[in-house]
Ligand SMILES: Cc1cc2nc3c(=O)[nH]c(=O)nc-3n(C[C@H](O)[C@H](O)[C@H](O)COP(=O)(O)OP(=O)(O)OC[C@H]3O[C@@H](n4cnc5c(N)ncnc54)[C@H](O)[C@@H]3O)c2cc1C
């Protein structure tokens with residue numbers, strides 16, 4: 001029997017596989033996608049994510065990542081603008097996820113693509129996964145890193161903000177609009193939701209948004225109608241998208257996201273990583289940092305002989321403040337968007353929000369030193 005299987009090879013799964021393989025452990029990553037693919041994500045890499053990716057040996061600049069230096073908050077027009085208190089980057093997930101899986105393989109992990117885990121069961125002292133092709137896979141330890149999707153029998157449960165639907169679309173902007181957007185992440189409020197807009201590599205802009213189900217229904221559930229309504233509500237967004245061309249045939253969409261979910265305990269010794277253990281509202285741009293941090297913390301505790309429950313308790317303590325504050329703000333931005341005007345009267349607010357919704361600096365790990 002193998003020592004460890006990791007179900008899901010996104011950020012958390014690939015990072016975990018790399019860290020275990022680097023320490024000479026036999027580990028297999030089971031990933032359902034057979035090849036590069038797009039993912040619903042704003043693709044903002046906060047400082048914590050950048051640091052963890054560098055530690056894993058990922059050269060973001062060589063992959064084409066672009067720097068993000070400032071944040072702007074808009075409703076109809078600009079409300080507030082600040083320089084970010086850290087250096088952030090932006091890179092498409094189709095490039096980043098592949099680079100991480102390649103890194104895991106290079107470190108010695110076995111990476112099996114096109115393998116969807118249909119079920120995962122406790123089997124005596126180990127775990128058995130049933131795959132989509134009917135095959136079974138067993139290992140002594142299991143790490144669940146399927147992100148936004150739950151595996152049968154291992155539902156994450158609800159968060160405290162569950163009524164949002166996410167859309168993502170890539171655009172080629174008009175040259176002048178692209179110049180103005182370069183180096184910035186723009187958070188745009190509109191009735192019933194908010195959107196993030198930023199450049200990724202290749203001169204492409206990523207528009208990623210969240211809208212309540214009720215608001216989406218007002219537009220017959222249709223992306224085109226929603227996008228028109230957003231531009232009517234935000235002069236700024238209309239300006240950014242003037243003359244822009246959409247680069248995907250249709251937007252990527254995602255629903256049933258349990259924002260605010262923070263796992264209390266481990267069940268049956270199962271290690272849950274990334275979005276399987278905590279889901280922070282997307283405006284914070286810290287979900288990827290959490291995924292990477294959870295993998296680093298789990299690897300540290302696992303390699304030192306600790307348990308999944310010890311990992312879960314420590315992670316919960318570290319993340320609770322950021323997840324709680326971010327969820328409260330996310331609900332407020334949708335229910336009381338006028339309150340965002342406070343940032344116009346007191347500009348440091350934006351700086352505080354950015355700081356309070358991150359993995360705390362004191363929790364970050366330098367893996368080489370900590371294991
Ligand atoms: C609208 C939106 C915008 C966001 N914007 C940002 C942002 O700008 N910055 C940021 O830091 N975070 C952002 N996030 C959060 C971020 O995307 C997630 O927190 C992060 O991707 C979690 O990583 P993960 O490894 O846990 O899961 P994922 O990245 O979802 O990876 C899970 C992997 O598991 C695989 N998988 C799923 N089911 C199975 C199965 N049954 N068998 C085998 N494999 C399986 C998938 O194919 C995938 O590769 C955003 C999220 C949303 C919804």
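Just the number, please: percent antiparallel of the DSSP beta bridges in the chain, rounded to the nearest 5.
Beta bridges within the chain, antiparallel portion: roughly 70 percent.
Could I have the simple spin-label model distance between residue 172 and residue 69, label points 7 Å from Cα toward Cβ, reported in nm to one decimal?
Placing both labels 7 Å beyond Cα along the Cβ direction yields 2.7 nm.
If packing is taken as the average count of other Cβ atoms within 10 Å, what order do 250-258, 325-333, 151-159 fall into, highest mean first?
Ranking the peptides 250-258, 325-333, 151-159 by packing returns 325-333, 250-258, 151-159.
For a quick check: sort 271, 223 by the number of other beta carbons within 10 angstrom, fewest at the front. Kindly include the intermediate steps, with their values, before the conclusion.
Numbers: 271 26, 223 15.
With the fewest neighbours first, 271, 223 line up as 223, 271.
For each of 292, 84, count neighbouring Cβ atoms within 10 Å of the residue's Cβ, then give the residues from fewest to most.
Fewest-to-most Cβ neighbours within 10 Å comes out as 84, 292.
Find the Cα radius of gyration of region 1-134, compare it with 2.2 N^0.38 Å by division, and give the number to two decimals.
1.27
List 280, 6 from most exposed to least, where exposure is judged by having the fewest other Cβ atoms within 10 Å.
Working: 280 28, 6 31.
By the 10 Å Cβ count, ascending: 280, 6.
Add -39500 (n - 2.57) for each DSSP H run of 4 or more in the chain, then divide by its residues: what number comes out at 222 nm, to the nearest 500 deg cm²/dmol?
Calculated from helices alone, the mean residue ellipticity at 222 nm is -10500 deg cm²/dmol.
Roughly speaking, what is the centre-to-centre gap between region 1-61 and region 223-284 when only Cα atoms are used, to the nearest Å?
21 Å
Compute the distance in nm between two label points, each set 7 Å from the Cα along the Cα-to-Cβ direction, one at residue 253 and one at residue 113.
A separation of 2.8 nm, rounded to one decimal place.
So between residue 217 and residue 268, what do we pick up on full extension, going 0.36 nm a residue minus the alpha carbon distance?
14.3 nm
If you stretched the chain out fully between residue 138 and residue 23, how much longer would it get, using 0.36 nm times the residue separation minus the C-alpha to C-alpha distance? Spell out each step's value before the answer.
On the way: separation 115, 0.36 × 115 = 41.40 nm, distance 2.07 nm.
Taking 0.36 nm per residue and subtracting the Cα distance, the gain is 39.3 nm.
Treat each spin label as a single point 7 Å out from the Cα along the C-beta direction, and report the residue 341 to residue 313 distance in nm.
About 4.8 nm, to one decimal.
May I ask you to work out the translational diffusion coefficient for the chain at 20 °C, viscosity 1.002 mPa s, via Stokes-Einstein with Rh from the Kirkwood sum over Cα pairs, reported in whole µm²/s?
Estimated via Stokes-Einstein, D reaches 102 µm²/s.
Which FRET efficiency, nearest 0.05, do residue 225 and residue 61 yield, Cβ-Cβ r, R0 35 Å?
On the way: r = 39 Å, r/R0 = 1.12.
Rounded to the nearest 0.05, the efficiency is 0.35.
Report the normalised scattering of region 164-254 as log10 I(q)/I(0) at q = 0.15, 0.22, 0.25 Å⁻¹, calculated by the Debye formula with identical scatterers on the alpha carbons.
-0.51, -1.12, -1.43
Laboratory data are not the source of any read-out in this text; all were calculated from the coordinates shown. As the structure is a computational prediction, the values presented were derived from the model and not from experiment. Here Cβ is always computed from backbone atoms with ideal geometry, including for glycine, and neighbour counts include all displayed protein chains.
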